[in-house]
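*Asks:* Dropping a structure here in structure tokens format, bear with me for questions.
The values are calculated or read from the model by the stated rules, or taken from the named source; none is laboratory data. Here the structure is a predicted model, which is why all the values come from computation and not from measurement. Positions of Cβ are generated from backbone atoms using ideal geometry, with glycine treated the same way; all protein chains shown enter the neighbour counts.
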Amino acid sequence: MSDLRRGLGALFLVLLLVGAGFLLAKQLERKEREEVRQTDLDSIVVALRENRNRLEVRRLSGTVTTKRQTDGGIGNILHGEMTVRQPWSVTYFADLSKLSLDDYRWDEATRTLTVRAPAVTPDAPNIDESRQVVAYRGPLITRDMQTTLRAQVANGARQQAAAEAARPENLLAANQAAKDAIARNLQAPLAAAGVKDITVVVRSPTDGARNGEQWDISPSIADVLAGRSGR
């Protein structure tokens, strides 16, 4: 009977050691997975903080025709008209320095980084005066009248180009182009930080307005880091 008890005791001890070893292995595995997740997240944060540039995403160009009139000479007896046809271009930018860690979501399970892109803004129009075609009308246009007309034409051309750049369909196209540009722009710093096999999904400010979708309500990277530091 004593031999049986000793045998059962030894078996129980073996089972206890095996169970403890199993639990320890599971704990180490969970710890290792958590360390991998934290390492990936930390690497992503480093990459995002390095990626703070002002990114050119689209260029729009066209030709504008501007006509202006003015009077001049003694008693303003002279009347002159100037018509100018000239090319213009506008560059759209996405300023990534406006993004904070609140604008990023990291899904470790799918290895997907979701970015809430900043609104794209058009730069000031560039008017190519070197390629302008100028026509005057009037019996006599003085130098002062020419100066006035040129200033009016330049201002009018800039206004027309800016209005074209701000058209909703052009802003929409620029925001769509920004999504691809931002995704491409993030790949290099993420690779340099050692984060591989990652999918970058960029959502523009117009996405939700078009289809009723909402921004991902899961914790942002900023929230995750704050929760980690608070533990």
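*Asks:* Out of (1) in a strand (DSSP E or B); (2) modelled with pLDDT of 90 or more, what's the single condition that is false for residue 156?
*Replies:* (1)
*Asks:* Moving on. Can you say whether residue 130 is more than 21 Å from residue 172 (Cα to Cα), among the polar types (S, T, N, Q), surrounded by fewer than 14 Cβ atoms within 10 Å (Cβ to Cβ) and without any contact (Cβ under 8 Å) to a residue 12 or more places away in the chain, as far as the supplied structure shows?
*Replies:* Yes; evaluated as a whole, the condition is true for this residue.
*Asks:* Would you check if residue 110 is farther than 22 Å from residue 43 by Cα, of a type in the set (S, T, N, Q) and touching a strand residue (DSSP E or B) at 6+ places or on another chain (Cβ under 8 Å)?
*Replies:* Considered against the rule, which asks whether it is farther than 22 Å from residue 43 by Cα, of a type in the set (S, T, N, Q) and touching a strand residue (DSSP E or B) at 6+ places or on another chain (Cβ under 8 Å), residue 110 comes out as no.
*Asks:* A further question on this structure: Among (1) within 20 Å of residue 205 (Cα to Cα); (2) in a helix (DSSP H, G or I); (3) not small (Gly, Ala, Ser), which single condition is residue 145 missing?
*Replies:* (1)
*Asks:* For the stretch 70-105, give me each residue that is of a type in the set (D, E, K, R), in a helix (DSSP H, G or I), touching a residue at least 40 places away in the same chain (Cβ under 8 Å) and surrounded by fewer than 19 Cβ atoms within 10 Å (Cβ to Cβ).
*Replies:* Within the stretch 70-105, 102 is the sole residue that qualifies.
*Asks:* Right, next: Only one of these conditions is not met by residue 136: (1) in contact with a Ser or Thr (Cβ under 7 Å, 6 or more places away or on another chain); (2) in a strand (DSSP E or B). Which number is it?
*Replies:* The single condition residue 136 does not satisfy is (1).
*Asks:* Could you tell me which of the residues 68, 105 is touching an Asp or Glu at 6+ places or on another chain (Cβ under 6 Å) and over 28 Å from residue 169 (Cα atoms)?
*Replies:* 105
*Asks:* For the stretch 107-128, name all the residues that are among the acidic types (Asp, Glu) and either at pLDDT 90 or above or assigned to a strand (DSSP E or B) (or both).
*Replies:* 107, 123, 128
*Asks:* Taking the condition of being surrounded by fewer than 13 Cβ atoms within 10 Å (Cβ to Cβ) and assigned to a helix (DSSP H, G or I), how many residues in the stretch 193-208 meet it?
*Replies:* Selection size over the stretch 193-208: 0.
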